[in-house]
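The values are calculated or read from the model by the stated rules, or taken from the named source; none is laboratory data. Quick caveat: nothing in here was measured; it's all calculated off a predicted structure. Counting neighbours? That spans all protein chains shown, and the Cβs are built from the backbone with ideal geometry, glycine included. The accessibility values were calculated without ligands, DNA or RNA, using every heavy atom of the protein model including side chains. Shrake-Rupley method; radii C 1.70, N 1.55, O 1.52, S 1.80 Å.
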Amino acid sequence: VQLQASGGGLVQAGGSLRLSCVAAGRTVSDFVMAWFRQAPGKEREFVAAITHNSNTVYADSVKGRYTISRDVAENTMYLQMSSLKPEDTAVYYCAARSPSLTVVHRTTRGYAYWGQGTLVTVSS
């Protein structure tokens, strides 16, 4: 499966952005899918995930501000980000687990497929 992330950009603190991740080759509901982010000089970290049956999991740092969702008709996963903070600045990656794995994994090694990343910059 191929993943293509988009939607990043420059936004002021307190603003909103929506990231998209289009899947090609399989249906988005076939996988546990997730968003990760990597800030300069830091390791890639888990942000949010959505399971086959649409359960969602969030990192504490984004809970209440971010919403992960998917549209099967569009074969796209989304990350709606609100109340953005400068510390949210990072390259955001979408990822998918192998179809046979149905549990959310919060580390990068749990994901077999990755998009190319999209940069989100939040100015203060």
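Per this entry, Ala90 is not counted among residues that are surrounded by 15 or more Cβ atoms within 10 Å (Cβ to Cβ), under 22 Å from Phe31 (Cβ atoms) and modelled with pLDDT of 95 or more. Residues in segment 33-54 that are touching a residue at least 12 places away in the same chain (Cβ under 8 Å), more than 11 Å from Ala90 (Cβ to Cβ) and part of a loop (DSSP other than H, G, I, E, B): 3 in all.
When restricted to residues that are surrounded by 18 or more Cβ atoms within 10 Å (Cβ to Cβ) and in contact with a Ser or Thr (Cβ under 6 Å, 6 or more places away or on another chain), segment 59-75 contains 1. Exactly one residue among Ser83, Ser124 is open to solvent by 40 Å² or more (accessible area, probe 1.4 Å), over 14 Å from Trp35 (Cα atoms), out of contact with any Ser or Thr (no Cβ under 9 Å at 6 or more places or on another chain) and polar (S, T, N, Q), and that residue is Ser124.
Residue-by-condition table, conditions (1) surrounded by 14 or more Cβ atoms within 10 Å (Cβ to Cβ); (2) in contact with a Cys (Cβ under 7 Å, 6 or more places away or on another chain):
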residue	(1), (2)
Cys21	yes, yes
Trp35	yes, yes
Gly41	no, no
Glu45	yes, no
Val57	yes, no
Arg97	yes, no
Thr102	no, no
Ala112	no, no
Gln116	no, no
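Screening Leu3, Leu10, Leu17 for residues that are open to solvent by 60 Å² or more (accessible area, probe 1.4 Å) and aliphatic (A, V, I, L, M) leaves exactly one candidate, Leu10.
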